[in-house]
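Here the structure comes first, spelled out in structure tokens, and everything after it is commentary.
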Amino acid sequence: MSLMKEAIDRISIYAERKSEGSLYDSMLAGVLHNNGYSSFSFKSTGEFREFGKEFESELQQHLSNSPPTLTAEQIKEITKDYPFELPVEMYELYQRGNGLLPIGLNHPPENDFNIYKYYFVFPDEEIPLIGLRESMRLYQVFNEYRENYQRDIDPKWFPISIFEDMLLAVIGSEEQQQQSPVIRFYDSKFISTIEWLSLTDMLLYRIEIAEANLKNCTKAETKEILKTIYEKYSRCGGLDWILQEI
């Protein structure tokens with residue numbers, strides 16, 4: 001088993017143990033809210049989902065453009081206008097979760113991974129992975145921006161996450177590599193910093209932070225734990241931006 005698949009399974013086991021809410025539930029809560037209902041008024045997840053069936057068609061409209069998993073063939077089709085090869089680790093990740101990750105390893109007997117009830121946003125709500133179609137859309141936007149405004153944007157940069165004006169991206173290559181560095185840049189400057197040596201390292205960092213359970217730690221303790229875990233997975237010297245919001 002590859003390190004990426006081990007990382008995904010580790011995250012899945014953690015999420016199952018912590019009973020994380022699924023993406024389906026969070027999106028259904030949004031649909032119910034838009035229709036004047038509160039998810040807090042239901043006694044159980046089962047009751048909540050049963051009531052939500054009335055709004056299934058509306059929910060599906062939100063989900064239709066971003067299936068929870070992709071095949072290798074679908075990945076190639078979506079990225080056909082990207083003139084480089086994405087790393088193997090990204091294929092492994094998006095075949096298990098298209099910008100998402102599965103909750104637990106106990107899926108239905110038919111191993112149907114295409115059910116949103118079994119997925120949640122990871123690493124977190126603030127810096128989430130994004131679906132591959134959205135990644136490709138952003139890539140095309142930056143490609144046009146580079147051509148129209150003569151900006152120094154490397155055409156190999158392929159975005160995987162966005163928060164406000166900050167983006168994370170992998171770097172494609174002429175020949176497919178097993179892994180790729182993950183870079184950080186801002187859509188106002190386009191000056192890149194290597195943040196992680198691989199996408200796998202980024203996920204391992206995130207799951208160890210989740211497992212560390214920092215909620216009851218002081219600021220000093222939190223910074224020390226983050227520093228220790230960060231240095232375990234990254235030797236890129238970019239810790240300051242992670243600590244600045246603490």
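The values are calculated or read from the model by the stated rules, or taken from the named source; none is laboratory data. Computed from a predicted model, the values in this text were never measured in an experiment. Glycine also receives a Cβ, built like all others from the backbone with ideal geometry; neighbour counts cover every protein chain displayed. The accessibility values were calculated without ligands, DNA or RNA, using every heavy atom of the protein model including side chains. Shrake-Rupley method; radii C 1.70, N 1.55, O 1.52, S 1.80 Å.
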The chain, Gaussian network, Cα under 10 Å: of SER135, SER66, SER41, the residue fluctuating most is SER41
Given unit charges at Cβ for Lys, Arg (+) and Asp, Glu (-), the dipole magnitude of the chain about its Cα centre in debye, nearest 20, is 380
Measuring from the longest principal axis of the C-alpha atoms of the chain, the long axis of helix 199-212 (C-alpha) lies at a number of degrees, nearest 10, equal to 50
Scoring only Lys, Arg, Asp and Glu (+1, +1, -1, -1) among other residues with Cβ under 12 Å from the Cβ of VAL88 yields -3
In degrees, nearest 10, the alpha-carbon axis of helix 3-18 is tilted away from the dominant principal axis of the alpha carbons of the chain by 30
Computed over the chain: longest principal axis from alpha-carbon atoms vs helix 132-149 long axis, angle to nearest 10 degrees, is 40
Per residue, accessible area of the chain with a 1.4 Å probe, heavy atoms of protein chains only, in Å², comes to 54
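Mind running the shape call on the stretch 161-220? Use the C-alpha gyration tensor, a ≥ b ≥ c as the square roots of the eigenvalues: rounded below 1.5 for a/c, prolate if a/b tops b/c, oblate otherwise.
Here the stretch 161-220 falls in the oblate category.
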Expressed to one decimal in nm², the mean projection of the alpha carbon convex hull of the chain is 15.3
The chain, Gaussian network, Cα under 10 Å: of LYS219, LYS156, LYS227, the residue fluctuating most is LYS219
For the chain, the percent of accessible surface on carbon and sulfur atoms (probe 1.4 angstrom, ligands and nucleic acids excluded) is 48
Mean separation of Cα contacts under 8 Å (at least 6 apart) over the residue count of the chain, i.e. the relative contact order in percent, is 18
For LYS189, the lysines lying under 22 Å Cα to Cα, once residues fewer than eight places off in the same chain are dropped, come out as LYS156
